[in-house]
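Read the structure below first, then the notes.
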Amino acid sequence: MTQREPPPLMLLLTEAAQSIGTVVTKAPEQLSGSRFNSEVLSEPIAGSTIGRRDSDLPRHVAAATLDGIPVLFGMLDGSALKRSIDQQMRRYRNQATIARSWLGSDAPNLQLFVSAPSGALRDPAWRQLAAEIEADDRTCRKLVWLFEGSPTLDDAKGFLERTFIARPWPAEQVMQQLDSMANISLPIGWEEAIEDPDLDFSGLVERLIELERGAPT
């Protein structure tokens with residue numbers, strides 16, 4: 001097969017994911033490869049290699065794990081013509097099937113993020129196609145990134161807010177809250193009571209009440 005490349009916007013998406021606190025790690029290269037797990041395992045026995053045509057798999061694809069969840073990254077190109085987009089998505093479904101063969105128990109967690117061409121956000125035809133793609137849950141969960149012009153890091157974050165890594169609050173805000181909590185001191189005796197292994201829940205409550213009653217006013 002022709003050498004395939006990562007989609008151009010994958011780096012922007014992974015940078016955006018890291019900026020909101022997501023742990024991004026490299027996925028096994030087999031997820032974006034061209035061979036099923038069973039094919040590789042049976043090759044020493046069969047003594048031959050099974051090949052695929054370029055038209056079977058996407059030209060741009062790569063994989064990563066986001067917070068431990070496997071994700072395939074891809075791109076759609078050309079005009080918003082259903083026949084063309086259906087063919088491209090067929091290739092990504094084939095790729096997802098290969099990826100699932102390597103994931104074992106993680107296979108149901110596989111997700112696919114695909115980007116549409118620049119300007120697709122304002123095109124009703126693209127919005128309709130994106131809705132159809134996302135409604136199709138065959139093989140894996142799919143999300144389509146629609147944007148205007150040259151996408152920025154904020155645009156990428158906006159897309160990720162629709163995904164499983166969305167955060168209810170900014171990562172910086174969480175760190176600030178944790179830092180402020182670190183400066184809060186517990187009342188005298190509370191820390192020792194909480195760490196006392198001989199106290200069960202009821203005993204801990206009673207001890208805290210006693211400490212509160214004996215605290216100076």
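Note that region 66-73 has calculated 3J(HN,Hα) couplings of 10, 6, x, 9, x, 9, 9, 10 Hz, one per residue in order, obtained from phi through the Karplus relation 6.51 cos²θ - 1.76 cosθ + 1.60 (θ = phi - 60°); glycine and proline are x.
Local charge for GLU148 was computed over the other residues whose Cβ lies under 13 Å away, with Lys and Arg +1 and Asp and Glu -1, and equals -1. Rounded to the nearest 10 square angstrom, MET10 shows an accessible area of 30 square angstrom against a 1.4 Å probe.
What's the local net charge at ARG138, with K and R +1, D and E -1, over the other residues with C-beta under 14 Å away?
Around ARG138, the surrounding residues sum to +1.
The heavy atoms of ARG167 offer some 90 square angstrom of accessible surface to a 1.4 angstrom probe. Over 5 Å intervals from 0, what percent of Cα-Cα pairs in region 89-160 sits in each interval? Spelled out bin by bin, region 89-160 gives 3, 15, 24, 20, 17, 12, 6, 2 percent. Working from label points 7 Å from Cα in the Cα-to-Cβ sense, the ARG167 to LEU208 distance is 2.9 nm.
Note down the net charge around ARG122, summing +1 for each Lys or Arg and -1 for each Asp or Glu among other residues with Cβ under 15 Å from its Cβ.
On the way: positive: ARG127; negative: ASP123, GLU148, ASP155.
Around ARG122, the charge tally is -2.
Counted residue by residue at 0.36 nm each, then reduced by the alpha carbon distance between them, the extension gain from SER79 to ALA125 reaches 15.6 nm.
For ALA135 and SER105, the FRET efficiency from 1/(1 + (r/R0)^6), where r spans their Cβ atoms and R0 equals 25 Å, is about 0.45.
The values are calculated or read from the model by the stated rules, or taken from the named source; none is laboratory data. Because the structure is a prediction, the values reported are computed rather than measured. Cβ: placed from backbone, ideal geometry, glycine included. Neighbour counts: every protein chain shown. What goes into the accessible areas is simple: the full protein's heavy atoms, side chains included, and nothing from ligands, DNA or RNA. Shrake-Rupley method; radii C 1.70, N 1.55, O 1.52, S 1.80 Å.
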